[in-house]
1. Highest mean first, what order results for B:352-361, A:146-155 on Cβ atoms within 10 Å?
2. Counting alpha carbon pairs within less than 8 Å and at least 6 residues apart, what relative contact order, in whole percent, applies to chain B?
3. With labels modelled as points extended 7 Å from the Cα through the Cβ direction, what inter-label distance (nm, one decimal) is found for B:Glu176 paired with A:Glu145?
4. How many Cβ atoms of partner chains, on average, are near each residue of A:70-76 if near means within 10 Å of its Cβ?
5. Placing +1 at every Lys and Arg Cβ and -1 at every Asp and Glu Cβ, with all other atoms neutral, what dipole size does the range B:70-159 have around its Cα centre, in debye to the nearest 20?
6. For the peptides B:90-100, B:203-213, what is the packing order when you average, over each peptide's residues, the other Cβ atoms within 10 Å and list the highest mean first?
7. Compute and list, largest first, the equivalent-ellipsoid semi-axes of chain B from the alpha carbon gyration tensor, each √(5λ) rounded to a whole angstrom.
8. In debye to the nearest 20, how big a dipole does the protein assembly as shown give about its Cα centre with +1 on each Lys and Arg Cβ and -1 on each Asp and Glu Cβ?
Amino acid sequence: MRHIINVEVENNAGVLARIAGLFSARGFNIESLSVADTESKEISRMTLVVRGDDAIIEQVNKQLNKLIDVIRVVDVTKNYYVERELALVRVNCPPNKRGEVQQINEIFGAKVVDISPKSMTMEMVGSEAKVEAFLETMRPFGIKEAARTGPIAMLRESKKIG
Amino acid sequence: MKNAMTGAEMIIHALQQEKVGAVFGYPGGSIIDVFDKLYSADVPFFLTRHEQAACHAADGYARASGKPGVVITTSGPGATNIVTGLATAYMDSIPVIAITGQVPTHLIGNDAFQEADIVGITRSITKHNFLVQSVDELPRILKAAFYIATSGRPGPVLVDVPKNVQQARTTVPYPESIEIRSYKPTVQGHPQQIKKVAEEIKRASRPVLYVGGGAVSSGAAEEIRELAEKCDIPVTTTLMGLGIFPETDERSLKMLGMHGTVYANYAVQECDLLIAVGARFDDRVTGKVEKFAPKAEIVHIDIDPTTIRKNVQVKLPVVGDVKAVLAELLRIVEPKKHREWMEQIKEWKKNYPLYYRENGKIQPQMVVQTVAEMVKHEAIIATEVGQHQMWTAQFYDFVEPRTFLSSGGLGTMGYGFPAAIGAQIARPDKLVIDMAGDGSIQMNIQELATAVLYNIPVKVIIFNNQSLGMVRQWQGMFYNRRFSNTCLRKSKFCPKVCTGLENAPCPDFYVPDFVKLAEAYSAHGFYAEKPEDVRPTLEKAFSTPGPVFVEFKIDKEENVYPMVPAGAPLNEMIRGMA
């Protein structure tokens, strides 16, 4: 099962290495990892995407909590949550194809951020699954380059909104 | 700046505020400022001959006393030399504080002379570590280091202090107490869970207590004893738990696991309730984990939630300090008797006792038993790692916690002698003995200088089988007697292939001569090779003041039994030679 785990950490030097080191030492697989400050300068938030059965995820959770610099660990996938990932995607696109690409962009809500005689570059925001669907749809044009942030996620404030 | 202290002074001040009873270490260029302050400070400092030994000594001090051990070394090689010591302490959850010098902050990352990224290197073998970036954060970090090392599940903490931080001045005082928002160990167990444990005990008819090192660090010997008595539960301990429950008690099953007693392993395999207390289901304990305690519901009490369900499925976890949890359990649990179960255990004990065969040579097991008798189980026993360690664990009946010091988790050869030195400093009232193999003792033998010069009267008993016996045992049993490089007489005159048999055409030449070596260090050395000489030799050794080496020549074919082969279930033991 795929889990998105939010980890709030003290913004101390080396804290990223601690988390990465924990995953390699314990043999857990990280699919993606994104790190940035939160509303507070003292606290960073890391979003990890991890795959594993319940036993592995339980260990991931506990081992993260055991690190002295870790303030809070939340497995958002255990609850209702919102998830977003940003991707920059450059596809082969001669002028005669621009309309076609633009049509797909509209469907996915992607925005053009750069254009050249040979290519178009889009920014696309959505869940990891949606980003993947967008890449899949663009693949026939020829993807020249793609960069992805990995997902970040938050619990929904009200569980009723699904 | 008025009332300002240098970083080096702050380190000394912290050691005094924390009432550290002994500091072990070795000087060097990047820590010279701290040593300069030690020159005139009122801090009991012990100079070893190798940084690794300083770290093991701090560890031994901590295990024997229950107080944190402190080691101070320089940067680079001084710091990397304590890596094994830190890993040893980490695996066995021992509170050690390591303070290392570091090159000045402006040189960090420059491959400066004696620079090593020790914080990076030790990240996975310390409970936590710090690189001090400015002198103003030093007081808080030092306080945090002591707090983190000694609270929750204890462990080593390293503080890396750049030279310019040691020299800079600060007016920030050393804190009296500390709060770390991201670190709050659970002490009290959940009352609801503890209630369920009491119910499990009420239901069970064949319970076993399986007790590990966590009970020792929590100081729960009394509670374990009371629980065993009140509910009539037999007790087996891990290597790390030896002494937490008196092995002379009829309810003691002694040690379980790979080299545990037959009756402990049978009891675990047959029990219907296994209460794990401060233990972590190590592979040396469980054998084939899928077949471990197959008939039992498992209760697991531990302060570290990560140990729970790491290796085995547990029906009832209780996270909390062992002593606190057991105290609460004892308040509510009903007394019980298990006559049938205790009868069964008595029968196993009668049918499958620990034993060895006499063959006219010195039997190491007999030496251990003789030592135990002579010291009335009151000594502190350190061991190195290997066969002698297991014989000691098996044949010395430990009756008190903190009297058996051994590298259980990491299995560090060379641990015992410096650890014994640290233990003797912590407990000057006790006889301290290091049980050693001829391989292990050579890994930190230079500390004889430390022992002699500080007059630390550790008695080292060397079981000399001229081999790396435990690996040799495996080669004999599972590798078709291909004794690759486990003979410590191996030399350039040896044939390419050696069968290790008595008539092997190898020169009978062994180095060093441990007696002469002891004498070279101005210590005393004794040697014996006949069984009847064991007791008189030990009597001489124990009555000789100062550090003593005692060498017993033993048979290299002598193996450790019983043995559960790696990967086999606990009840499939090899009980001895056919």
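1. In decreasing order of mean packing, B:352-361, A:146-155 become A:146-155, B:352-361.
2. Worked out over chain B, it gives 14 percent.
3. Computed distance between label sites B:Glu176 and A:Glu145 equals 6.0 nm.
4. The shielding value for this peptide is 1.
5. Its charge dipole is roughly 340 debye.
6. Numbers: B:90-100: 26.1, B:203-213: 23.3.
Taking the mean over residues of other Cβ atoms within 10 Å, the ranking is B:90-100, B:203-213.
7. Numbers: eigenvalues 296, 223, 82 Å².
Working through the eigenvalues yields semi-axes of 38, 33, 20 Å.
8. Rounded to the nearest 20 debye, it is 1300 debye.
Bear in mind these aren't lab numbers, they're just calculated from the coordinates by the rules spelled out. Here the structure is a predicted model, which is why all the values come from computation and not from measurement. Glycine also receives a Cβ, built like all others from the backbone with ideal geometry; neighbour counts cover every protein chain displayed.
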